[in-house]
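Note sheet for the following structure.
Bear in mind these aren't lab numbers, they're just calculated from the coordinates by the rules spelled out. Everything numeric in this text was worked out from a predicted model, so none of it was measured. Positions of Cβ are backbone-derived with ideal geometry, glycine not excepted, and every protein chain shown enters the neighbour counts.
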Amino acid sequence: MKDVTPDDTHNFALVGHSGDGKTSLGEAILHVAGATHALGSVTEGTSVLNHVPEEKERHTTITSSIFGFDAGGRHFTLVDTPGDSNFQADAQIALQALDGAVLTVSGVDGAKVGTDRMFRFCRERGVAQIAFVGGLDRDLADFDRAIESLKEMDANPVAVTLPIGIGPSLDGVIDLLEMKRYRDGKASDVPAELADAAASAREQLVESVAECDDALLEKYLEEGELSAEAIQAGLVAGTHSGKLMPVFAGAALAEIGIGRLFWGIAELLPSAADRAAFTDAEGSPIEQSADAPFSGVVFKTVIDRYAGVLSVFRVVSGKITPDSNILDVTSDNKERLSKLFLIRGAEHEDVPEAGPGDIVAVAKLKSVRTGHALSAEKGGPKLTALDIPQGVISYAISAKSKGDEDKVFASLGRLVEEDPTLQLGRDPATGEFLLTGRGELHVRTTVQKLQRMFGVEVELKTPKVPYRETIKKKAENVEGKLKKQTGGKGMFGVCYLTVEPLPRGSGIEFVDEIVGGAIPRNLIPAVEKGVQESCAAGPLAGYPVVDVRVRCIDGKHHSVDSNEMAFKLAGSFGFKLAIEKAGPTLLEPIMDVHVSVPDQYVGDVMGDLSSRRGRVGSGEAQGSTQVIEAQVPMSEMLEYASTLTSITAGQGEFHMEFSHYDEAPAHVREKVVAAAAAANSQES
Ligand SMILES: Nc1nc2c(ncn2[C@@H]2O[C@H](COP(=O)(O)OP(=O)(O)OP(=O)(O)O)[C@@H](O)[C@H]2O)c(=O)[nH]1
Ligand SMILES: [Mg+2]
């Protein structure tokens, strides 16, 4: 690996809808490339990519898996990602650090919600994509229909290979660039009976390529053909810019079309040198030179049974060797590296150094977490950290047996370190511990892992909705006063606060409008601190207060008895009083919900969403499924997975993400306030 330049280094992810064959495809690529000796199988539990026990048990990927290998003088890192929306954030984090993506599409069903979601994510982030339509060896497979579904998704798909035969009679592919048939890695002539179909598909390919580039189009119109080099160069440019999506046909289990896809990964997706530049906080590009100081970015954390916590990072610039000193830019801590590892699924091997484009892991760093930027200890480029999607659904969590609490929370802390989309916190209203994840399955899988890895059992209670509190009107000149001047050391501080509503998403804004020293300059921050601390638990039900401007307009002080504590308390009292006068109200989180169901269930699913206070948009057809978009309060969606399963006989799929906060209707507010009051009286 150490002799390979970034031009010959390729880091790619397999992404797509859950169960559409990403891991099987990964196994086939590794096998065809000679990185593994036997073809691993998801169903038989021999996959080197699905190596976590929960994955083997459930035959599904729950955390992305990394496999570095050399082939044909180049170095590749394959990242197999989860398709389920509970775990797909893992793919979204990894993609920010890689060079390209293979969008895996079902040859039977075509593109689905998960396909669409990853396609859009890549497009927004400028990640180049090629597609693989797999499973064409299955009954009812239809390559053309799958291509159509990609068009409906608004991609610009163009077939680079065509299947020969379909379903059980699938027997190789035709490479439309070379006009050769490929089967078992061997090229031969295109069968005569397919010559016409292949010629017309090739014409389509050439036309699509030409349409992406005016100069090429002119040449094509003049000469009626383009040279092989021009077509390939056009295809490469179209893939990198996202104007084209080259599509490869095949079947992972039968290892058909895999060699051609692997060619596409190496030749059409950008290399480490060609990908869009990484940038620093100012948006300036970082030069990916081996001679520059080191910089890198961590996109995955793995708890390894032997090595401990492994941070997997991509080197962006410079070279790094074991035992170097580095800086964790994001947490601003110095770290000393130990050994460097190349990751191959569950295995890892020592490497002596890593350079730009390489993906390696290092064990036992203290402050480094997924998403953090790393740099040389002195003078290294400071990359921006990766975006980490946050959890959206919270469960109250407690130890099953008394006395196990410390162990539970220490172990959960380890899992939170490994998975940055999980958060562990405390419910301000009830004091309960909350585990927040991307979905119900995400949280439940975490609990299962907790038991397997640390032998501790916990109980989950109904999910908690992260309500917020805010105000509806202005309250002016409200006095916050602390006066205790009888006996001993006195305390005196008075502030006058005006609070007014701010637009959604503004948070808390504190404005210092004190003139003429009514409150001494050095004590004004104490008022702000008091305000901020009171924001953590609002007056209605103890949820954080948001979207309020707090203006500190006047105050009084005493030359001896005024101090920080006095003004902090005055700020806190004043704020609470002001909020109560300003029409406090409850905000509830609204989710963007996307449900994909076969046609016949659309009516029932829409009706059900409306009954959950949802605002349901119109459905959009994607092949034989309909995608329904709706906005629904989170509190109505907590146990939706089981409802959807029963309405659609298990054929529906949904995912949701946080959209915005909205004022909760009175009946919801009353219920939440009563629940908080009940929890409070139980505690006291
Ligand atoms: N017949 C056939 N079956 C396939 C093919 N590819 C995958 N499968 C089967 O489809 C099922 C799902 O395959 P996986 O490779 O686990 O799919 P995945 O996309 O990794 O799934 P998640 O990790 O759950 O998102 C397994 O039972 C595979 O054996 C294929 O090309 N042909
Ligand atoms: Mg998988």
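A few comments on the model shown:
- The angle between the Cα long axis of helix 405-418 and the main principal axis of the chain comes to about 50°, on a 0 to 90 degree scale.
- Relative to the longest principal axis of the Cα atoms of the chain, helix 524-535 runs at roughly 70 degrees.
- Sequence-distant lysines (8 or more away, or on other chains) whose Cα lies within less than 18 Å of LYS483: LYS556, LYS568, LYS576
- Debye log10 I(q)/I(0) at q = 0.17, 0.23, 0.25 Å⁻¹ for segment 189-255, Cα point scatterers: -0.69, -1.01, -1.09
- Using alpha-carbon coordinates, inclination of helix 195-211 to the longest axis of the chain, degrees: 40
- From the C-alpha gyration tensor of the chain, square roots of 5λ in Å: 52, 30, 25
- Cα gyration tensor, segment 73-160 - rounded (a/c under 1.5), prolate or oblate: prolate
- Distances between placed amide hydrogens fall under 5 Å for GLY357 paired with VAL315, VAL316, all partners being 5 or more residues away or on another chain.
- The trypsin sites (Lys or Arg not before Pro) found in segment 501-558 that occupy coil by DSSP, while having at most 16 further C-beta atoms within 10 Å, are ARG504.
- Amide H contacts under 5 Å for LEU340, placed H, 5+ residues apart: VAL351
- Theoretical FRET efficiency, 1/(1+(r/R0)^6), r = Cβ-Cβ of GLU353 and GLU229, R0 35 Å, to 0.05: 0.45
- A simple spin-label model places pseudo-atoms 7 Å from Cα toward Cβ; at VAL511 and ALA346 they are separated by 6.1 nm.
- Taking θ as phi - 60° and the Karplus parameters 6.51, -1.76 and 1.60, the scalar couplings of segment 17-27 work out to 6, 4, x, 8, x, 5, 5, 4, 5, x, 4 Hz in sequence order, x denoting glycine and proline.
- Modelled label positions at GLU282 and GLU670, each set 7 Å beyond Cα in the direction of Cβ, lie 5.9 nm from each other.
- Whole-Hz couplings from phi, Karplus 6.51/-1.76/1.60, listed for segment 150-166; x for Gly and Pro: 6, 5, 4, 6, 6, 8, 10, x, 9, 5, 9, 10, 10, x, 9, x, 8
- Dipole orientation for the chain: of the candidates ASN50, VAL160, GLY530, GLY530 has the Cα lying most toward the positive pole (charges on Cβ; Lys, Arg +1; Asp, Glu -1).
- Each peptide in 148-158, 283-293 gets a packing score, the mean of other Cβ atoms within 10 Å over its residues, and the list from highest to lowest is 148-158, 283-293.
- Per-residue extension of 0.36 nm, minus the Cα-Cα distance of LYS402 and GLU564, leaves a gain of 54.3 nm for this segment.
- Estimated FRET transfer efficiency when R0 is 41 angstrom, pair GLU580-PHE409 (beta carbons, to 0.05): 0.75
- Sites ASP189 and ASP387 - FRET efficiency at Förster radius 56 Å, r taken between beta-carbons, to 0.05: 0.70
- Cut-off under 5 Å, modelled amide H: who pairs with VAL105 long-range: PHE132, VAL133, GLY134
- Look at the dipole of the chain built from charges on Cβ: of ILE320, PHE262, MET453, the Cα furthest out on the positive end belongs to MET453.
- Label-zone membership for segment 329-367, site THR321, 7 angstrom Cα→C-beta point, backbone N under 12 Å: 352-354
- Rounded to the nearest 20 debye, the dipole magnitude of the chain is 3500 debye, with +1 charges on Lys and Arg beta carbons, -1 on Asp and Glu beta carbons, and the Cα centre as origin.
- 3J(HN,Hα) along segment 603-616: x, 5, 5, 5, x, 5, 5, 4, 5, 9, 6, x, 9, 9 Hz, from the Karplus curve 6.51 cos²θ - 1.76 cosθ + 1.60 with θ = phi - 60°, whole Hz, x for Gly and Pro.
- Per residue of the chain, the DSSP helices (runs of n ≥ 4 H) give a summed -39500 (n - 2.57) that works out to -9000 deg cm²/dmol at 222 nm.
- Leading residue at positive end of dipole, the chain (Cβ point charges), from GLY555, VAL4, GLN288: GLY555
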